[in-house]
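The values are calculated or read from the model by the stated rules, or taken from the named source; none is laboratory data. Since the structure is predicted, the reported quantities are computational estimates derived from the model, not experimental observations. Glycine also receives a Cβ, built like all others from the backbone with ideal geometry; neighbour counts cover every protein chain displayed. Note: accessible area is taken over every heavy atom of the protein model, side chains too, but ligands, DNA and RNA are not part of it. Shrake-Rupley method; radii C 1.70, N 1.55, O 1.52, S 1.80 Å.
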Amino acid sequence: ITTGADDFRVIYGTDIFANLRPNDSVTGIIKTLQAAGYEVIPTVFARAVPNGEVDYDFYQGIKKEIIRRAKAAQAEAPIDAITLSLHGSMRVKGQGEAEGYFLEELRSIFPDIPIFSSLDMHATMTQRMHTCCDGFVGYKTAPHTDCFETGEQAAKMTIAALEDGAQAQAAWVRVPILVAG
């Protein structure tokens, strides 16, 4: 199964503000940052029901659009930080991991600003993700009833980096276990 454009709901720019949902990490990020007085510049929201690998061309198109919008915002005024809501286990057909390559490109464009992200609780952490993002926070419940709070925490980490000079220290340990679903 290949997941493509017909399987995703994609929302662009400020239309994201009109489509916030109560139990969503994007909502937690946006509302927390706005409540603290930050200007939020939304780029692209893309969500699909868990499915097969994502179509390579679709992934590249979405990634390119997010990068294009981030660069355009940066051209107007300096971006202070990036806070994302990522899944963490998305696979791209013919490429493998999605988030790591996306974070790597963001980090190459924005080498000196904090980047934080919320993740699904079963994210597949990779070295590329760990290297290119300052910190992650994952859902803690299944079913995912804490998505808003997870986004809120990612935003609070961003605020701590910006206002208090907090330096994120991420640790990552691979534990050799297999857990039944």
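Among the criteria (1) under 17 Å from the mean Cα position of the chain (by Cα); (2) under 19 Å from G28 (Cβ atoms); (3) among the aliphatic types (A, V, I, L, M), the one L106 does not fulfil is (2). For the stretch 144-174, the tally of residues that are under 15 Å from S118 (Cα atoms) and either in contact with a strand residue (DSSP E or B) (Cβ under 6 Å, 6 or more places away or on another chain) or open to solvent by 40 Å² or more (accessible area, probe 1.4 Å) (or both) stands at 15. Could you run through the stretch 130-152 and say how many residues are in a helix (DSSP H, G or I) and touching a residue at least 40 places away in the same chain (Cβ under 8 Å)? Of the residues in that region, 7 qualify.
Looking across V137, V92, one residue alone is β-branched (V, I, T), touching a strand residue (DSSP E or B) at 6+ places or on another chain (Cβ under 9 Å) and either surrounded by fewer than 19 Cβ atoms within 10 Å (Cβ to Cβ) or over 24 Å from L33 (Cβ atoms) (or both). It is V92.
Which of the residues spanning the stretch 22-44 are touching a helix residue (DSSP H, G or I) at 6+ places or on another chain (Cβ under 6 Å), closer than 18 Å to C147 by Cα and open to solvent by 40 Å² or more (accessible area, probe 1.4 Å)? Answer for the stretch 22-44, where residues must be touching a helix residue (DSSP H, G or I) at 6+ places or on another chain (Cβ under 6 Å), closer than 18 Å to C147 by Cα and open to solvent by 40 Å² or more (accessible area, probe 1.4 Å): just N23. In the stretch 65-82, of all residues being over 13 Å from the mean Cα position of the chain (by Cα) and in a loop (DSSP other than H, G, I, E, B), the one that is farthest from F102 (Cα to Cα) corresponds to A77. Of all the listed residues (Y56, Y38), the sole one being of a type in the set (S, T, Y), within 28 Å of G165 (Cβ to Cβ) and more than 16 Å from the chain's Cα centre (by Cα) is Y38. In this structure, is I62 at pLDDT 95 or above, in a loop (DSSP other than H, G, I, E, B) and aliphatic (A, V, I, L, M)? No.
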